[in-house]
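So the structure is just underneath, and the comments pick up after that.
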Amino acid sequence: MRILLVDDEVELTTPLQRVLMAQGYDVDAVNDGAAAAQLLAQHSYDLLILDWMLPDTSGIALCQEVRSRGQTMPVVFLTAKDTLADRIAGLDSGADDYLIKPFELQELLARVRAQLRRSPHVPPAPSCLTYGDLKFDPANRLVYSRGASISLSEKECQLLELFLRHPNQTLTHEAIQQHLWPDPAAAPASNALVAQVRLLRRKIERDHALIHTVYGKGYRFG
């Protein structure tokens, strides 16, 4: 399931994106309406989480634009606008749910699950993720390079899929750790992530490096 998170508070979007990714969702996060509109025109999303007050437009206007284009994914407002009139305006603009800041994280996650269950929106069939000669079929967990198959463990597949869905982006150690081991109590020793990256590199890198270490932060693919 793919989610677009739109909020101008970076201190909110960054940790919330990590939490949602740890729940198994593929999450894009942007901080203004223009970037959100561009992504909505380029990709199909299963859920839009939207702030009302954005630097270049309003969430109301963006939600109305989404609906005017016939896009049917559920929209959840996540906003500090807390009057009855605000809630009515948000829902009348085409939103499916309305949650007021500050909010309880567990309630937000429950509302996300509920909207994804109810949604008539059908995501596109999974297709191969590609980067150069590397191809990955997420549905069947198959990896190919130059036509030859590559055998990966489940954790290596999860790691590769995360990288392929976020090419040329720096993914922090924490975000990757949460994606691979969502339950902190079950997370292995801190060097397990380094070991997983090393194993994946050995299997997929041929003529040039694909996974780059961003020292002090994490890794970048591409």
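Name every residue in region 68-107 that is β-branched (Val, Ile, Thr) and surrounded by fewer than 19 Cβ atoms within 10 Å (Cβ to Cβ), in order of residue number.
Answer for region 68-107, where residues must be β-branched (Val, Ile, Thr) and surrounded by fewer than 19 Cβ atoms within 10 Å (Cβ to Cβ): THR72, THR83, ILE88, ILE100.
Return the total of residues in region 17-36 being buried (at least 19 other Cβ atoms within 10 Å of the Cβ), part of a helix (DSSP H, G or I) and aliphatic (A, V, I, L, M).
Total satisfying the criteria: 4.
Here are some residues: LEU109, LEU99. Which one is touching a residue at least 60 places away in the same chain (Cβ under 8 Å) and within 21 Å of GLU11 (Cα to Cα)?
The conditions single out LEU109.
Please note which strands (runs of 3 or more DSSP E) are completely contained in region 118-222 and include at least 2 residues that are open to solvent by less than 70 Å² (accessible area, probe 1.4 Å), more than 22 Å from ARG2 (Cβ to Cβ) and at pLDDT 85 or above.
In region 118-222, 211-214 are the strands (runs of 3 or more DSSP E) which contain 2 or more residues that are open to solvent by less than 70 Å² (accessible area, probe 1.4 Å), more than 22 Å from ARG2 (Cβ to Cβ) and at pLDDT 85 or above.
State all residues of region 1-16 that are buried (at least 16 other Cβ atoms within 10 Å of the Cβ) and among the aliphatic types (A, V, I, L, M); if no residue qualifies, say none.
MET1, ILE3, LEU4, LEU5, VAL6, LEU12, LEU16
Working only within region 37-64, note down all residues that are in contact (Cβ under 8 Å) with a residue 60 or more places away in the chain and either in contact with a Gly (Cβ under 6 Å, 6 or more places away or on another chain) or open to solvent by less than 30 Å² (accessible area, probe 1.4 Å) (or both).
ASP46, LEU47, ILE49
Do we have THR83 as over 17 Å from ASP7 (Cβ atoms), out of contact with any Lys or Arg (no Cβ under 6 Å at 6 or more places or on another chain) and hydroxyl-bearing (Ser, Thr, Tyr) here?
Yes.
Name the residues in region 44-80 that are under 22 Å from LEU20 (Cα atoms) and in a strand (DSSP E or B), would you?
Passing the criteria: LEU47, LEU48, ILE49, LEU50, MET53, VAL75, VAL76, PHE77, LEU78, THR79.
The values are calculated or read from the model by the stated rules, or taken from the named source; none is laboratory data. Source: prediction; values computed, not measured. Neighbour counts are summed over all protein chains in view; Cβ atoms, including those assigned to glycine, are modelled from backbone coordinates with ideal geometry. These accessible areas exclude ligands, DNA and RNA; they are computed on the full protein's heavy atoms, side chains included. Shrake-Rupley method; radii C 1.70, N 1.55, O 1.52, S 1.80 Å.
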